[in-house]
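This report refers to the structure that appears directly beneath it.
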Amino acid sequence: MRGVQGGEENIRKLRTYLDALKAEQRALPAFNSTPNLKAIAEACGFDRGVFYGKNSLAKVLIEEAASQLGLDDGRPIAETAFDEIRIRNEAKSQSDSRTKALEEEVIRLRAENARLKIENERYRAIRQMMAETGRAP
Amino acid sequence: MTQTSALMQITSFHDGPFGGGIIIGRDIGNGSEELLRSRTPMRVLPRKPITGEVWRVIGTLEDHAVRNPRTGKTESVRHIMATWAAPVAPQGAAIRRWIARHPDIKGVGEAYAERLWDAYGPSLYDILRNRDADALAAILDIPKAVAIIQAFGLMIDEVSALEDLDNLGLDGRTAHASLRLFGSEAGRKFRENPYLLTLLDPWAKVDSAALASGIMPTDERRLLAAVDMAAARAFRTTENNLGGHTVIRGAHLRRSVREMLGKNAATHADAAIQTALRAGLINEIAPKHYQARAPGHMEREIERCVLDRLERSRPGVDRVMVATVIGEVEREDGILLAPEQKEAVLTALSSGFSVITGGAGTGKSTLVKAIRRAHLRRGGGDYIQVALSGRAAKRLREATGANAMTIYRFIKDAELGKFSMTKGLLVVDEFSMVGTPDLWQLLTMSPPDFDVVLVGDSAQLPPIKAGNPASALIQAASIPKTTLRIAQRQAASTGIPDVAEAIREGSFPDLPTFDLAAAARPGVYLWNCPESDVPGAVIQAFEALVGVPARSKNPGLITRLHQMDVQILAMTRRGPAGAADLGDAIEHRWMASQEPVADWGFSVGSKLLWTQNSYDRPTGKLDSKGTEITVDIMNGALGVIRNAIDKHAMARFDDGTETMLSRNDLARVLRGWAITVHKAQGSAFKTVLIPVVRSRLLDRAMLYTAVTRARLTAVLIGEEAVMRRVVGAPPGAWQRLQALDIDRAARRAGLAHNELNGSVNPKGVVHDHQPF
């Protein structure tokens, strides 16, 4: 479905989703204190690009819902100072291990990228040689 | 002249006009850190140096005058005239700068490099050599440490491999090409088989060195290389239009192999061919017809790409939408598409691969415009249109109002992964100019879900590169195609369409005689004269059209001269009636009184032909942010020098783009008054003068292409008998041997296309139009 019809269908899905949140008295999913558009789009069953169009009605609806329902970024609520420090430490530990994993991934991808660049350059040289001379090394 | 050997840490590199360039760097060998310059020719330079690298340069010291950009004064500066240059591993404090400036080490600048140097000093070299990332990670984060170790490792590998190749006696350029092809294994491979070097160096040089090193004349490695080289010689197109075969006849192959092996081993030619067959170096594609691996691979891949597209299931086409689009285009362009043209739009949208052919001026560009719009309207995905030459791409852009690029640019962008791999449509204009190597690259690098439409005129000149794929694809019964017949570019009253059609069909029509007193009349004319009179007649005809040369500086007159749009289209570059001599003659007469540009041999008003695809050329103009605006100038662009500024000149090209020329650019330009018919493909001019002289290149396709470049008037100058004879004979492209055969490939793949009962050559090899 494309164009105006598709746009209307997406808005209908979004309204249904927001009405359900309101009925269940749940807050809007959030990430870094802003509405988590990816999670919302997935829950509604459309592409998150819907929120990025010009004059997007979807975005306006999300802003309204955020102010009415509040945001939920999934973090536990601390009732004592001890809880707060423990939650912060756990979050830091999680974040550190995520950073470490990402660093390892970066290193692996860089090594792979370097190897692929060399291989690609070799294939390019062979292709050019074939095209120019009619000979394959 | 003093011999010197310097260790330079590179600060910059400046390309020279003929490859090679000037290396500038700090002298770190003697610790003086003084700036050194090295003039490094292309054969010496293994690759372009990168800022921060350390290079050893050997050569003689000479003083050269250099303009100091700060003071504007000319100073005498000492240069090394390099006879040898190569990167070496940086040591000592030079490592610090190498780390800080290496383009692949992101996020590490002078400060981090300084901290590493402070922590480890000279032992940093050993840390890097031993790939000790942990030591670096004590100072930097791990990704940065690993990036440094990786970059250093690659550099060391390259330096060792270049040393190895240097020991084998390879010059810098060959060594670099060897590394690109074989990587760090290059030296070992060449030791195992010295004849592998024939990929990069001439046969005679490699062969004499190999024989001198003790290889026997009948050594299998020598025999195999001779067969491979012989097939490659047949593949290469020469200046006089020979070669260009992707298949070689047995007799031709044997003769060529014998020549290469020389008297000591000539009798082994048959054995060499048999050995090459067993080794899979060549393939007997039809009785006594052989194909080498590379052209065989290209043709089979083209066949695969075509069949993959033909096989793919396709959504239906909304005929109402197509009719609406055609109506819009007809209104915009003020023309009516013929039923066959309307059908071609439907065919292009309903096939994964299709071909549209038609003579000059049959409205192919309008058709492409309609195809593009209908494709986008139906949501068919991306749209890309390409042509072989820069000029043809520009014309396509103007005709369709959409971006168009050269095939060369497309391949480069595809390598960089710039195209989405979703569905889309690729239109190739002027596809008769596209040789087998280019079509192979174009199709294999196109996203597989892109449909392809080829548009062109098969009667035009064959490709400059090997093969003649247009002919094979047009003949293939499996490929949907549309043939257009209604001429539109030239108004029928000029008579050009009728003359073009007659030449296309092989009969030279009776033409009216060219009249100097009424030179600008529309139509096709003949100036029948002996070959020796042709150059003089061309100049007289030019004068009759544009007027006598100005006797003083006269910008107004020069502007009018260019507005007349008279183009000389020569058969060849060389010879008395070639583009070079005729261009010189026009320049010397018509530009004699105009303002010269330094000592270049050009004047304000001179017509130029650009001979390279050049990107990001300077314009001398700044944008709102103060950055210089740049333009792309494509190979084949015609331009005029507008004015001379100091030692520079401003040239405006036919599409309105302007660029600043410097002395270095003289290697990229030719005189534009007369150009070859090959260069004119894809262009149109108000009037064309066509000097016709006997040449291996002269054939029906050449005359057809030349005449159809004219919008209003075409004048054929030469012996009528010669013209009649060449038009009556089959064009040279028909002599090209190739084995590209879509129908045969479809049959082998067991595909049942409805049209497959067509003309499939039972022998397998397509010897265009003529059975062998």
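The values are calculated or read from the model by the stated rules, or taken from the named source; none is laboratory data. Keep in mind the model is a prediction, meaning the values are calculated, not measured. Counting neighbours? That spans all protein chains shown, and the Cβs are built from the backbone with ideal geometry, glycine included. Side chains included, ligands, DNA and RNA excluded: accessible areas come from the protein's heavy atoms. Shrake-Rupley method; radii C 1.70, N 1.55, O 1.52, S 1.80 Å.
For B:D104, the requirement of being over 25 Å from B:E163 (Cα atoms) and either open to solvent by 60 Å² or more (accessible area, probe 1.4 Å) or under 32 Å from the mean Cα position of the chain (by Cα) (or both) is not met.
Filtered by the rule that a residue be within 14 Å of chain A (Cβ to nearest Cβ) and either open to solvent by 10 Å² or more (accessible area, probe 1.4 Å) or part of a strand (DSSP E or B) (or both), the stretch B:261-289 gives B:A279, B:G280, B:L281, B:I282, B:N283.
Checking the conditions here, which among A:A58, A:A111, A:A39 is within 14 Å of chain B (Cβ to nearest Cβ) and either assigned to a helix (DSSP H, G or I) or open to solvent by 100 Å² or more (accessible area, probe 1.4 Å) (or both)? Steps first, please.
Working: A:A58 fails: within 14 Å of chain B (Cβ to nearest Cβ); A:A39 fails: within 14 Å of chain B (Cβ to nearest Cβ).
The unique qualifying residue is A:A111.
Each residue in the stretch B:134-169 was checked for being assigned to a helix (DSSP H, G or I), more than 10 Å from chain A (Cβ to nearest Cβ) and small (G, A, S), and 4 of them qualify.
Going residue by residue through the stretch B:97-120, is there one that turns out to be in contact with a Pro (Cβ under 6 Å, 6 or more places away or on another chain) and more than 12 Å from chain A (Cβ to nearest Cβ)? Break it down stepwise before answering.
Taking the stretch B:97-120 and keeping what is in contact with a Pro (Cβ under 6 Å, 6 or more places away or on another chain), we get B:98.
With the extra rule that they be more than 12 Å from chain A (Cβ to nearest Cβ), the set shrinks to B:98.
Within the stretch B:97-120 (the criterion being in contact with a Pro (Cβ under 6 Å, 6 or more places away or on another chain) and more than 12 Å from chain A (Cβ to nearest Cβ)), the answer is yes, since at least one residue qualifies.
Taking the stated definitions as given, is B:R188 part of a helix (DSSP H, G or I), open to solvent by 40 Å² or more (accessible area, probe 1.4 Å) and within 30 Å of B:I156 (Cβ to Cβ)? Spelling it out, B:R188 is indeed part of a helix (DSSP H, G or I), open to solvent by 40 Å² or more (accessible area, probe 1.4 Å) and within 30 Å of B:I156 (Cβ to Cβ).
May I ask you to verify whether A:I118 is facing another protein chain (nearest Cβ under 9 Å), open to solvent by less than 60 Å² (accessible area, probe 1.4 Å) and either part of a helix (DSSP H, G or I) or over 26 Å from B:L181 (Cα atoms) (or both)?
On the way: facing another protein chain (nearest Cβ under 9 Å): yes; open to solvent by less than 60 Å² (accessible area, probe 1.4 Å): no; either part of a helix (DSSP H, G or I) or over 26 Å from B:L181 (Cα atoms) (or both): yes.
So A:I118 fails the test.
Note on the stretch B:226-250: among residues that are closer than 22 Å to B:D270 by Cα and away from chain A (no Cβ under 14 Å), the one that is most open to solvent (accessible area, probe 1.4 Å) is B:R249. The lone criterion from (1) within 14 Å of another protein chain (Cβ to nearest Cβ); (2) charged (D, E, K, R); (3) in a helix (DSSP H, G or I); (4) more than 20 Å from the chain's Cα centre (by Cα) left unmet by A:E103 is number (4).
Considering B:L253, B:L223, B:L211, the condition of being in contact with a strand residue (DSSP E or B) (Cβ under 7 Å, 6 or more places away or on another chain), in a helix (DSSP H, G or I) and away from chain A (no Cβ under 11 Å) is satisfied by B:L253 alone. Candidates in the stretch B:646-691 are the residues that are of a type in the set (D, E, K, R) and not in a strand (DSSP E or B); of these, the one that is modelled with the lowest pLDDT is B:D655.
Would you mind stating whether A:E132 is surrounded by 11 or more Cβ atoms within 10 Å (Cβ to Cβ), closer than 30 Å to B:F152 by Cα and either in contact (Cβ under 8 Å) with a residue 60 or more places away in the chain or within 9 Å of chain B (Cβ to nearest Cβ) (or both)? When the stated conditions are applied, A:E132 does not pass them. Scanning the stretch B:441-457 for residues that are open to solvent by less than 10 Å² (accessible area, probe 1.4 Å), touching a residue at least 60 places away in the same chain (Cβ under 8 Å) and either within 14 Å of chain A (Cβ to nearest Cβ) or part of a helix (DSSP H, G or I) (or both) gives a single hit, B:L443. Against the list (1) more than 15 Å from B:L181 (Cα to Cα); (2) open to solvent by 80 Å² or more (accessible area, probe 1.4 Å); (3) at the interface with chain B (Cβ under 9 Å from one of its Cβ atoms), the condition A:E90 fails is (3).
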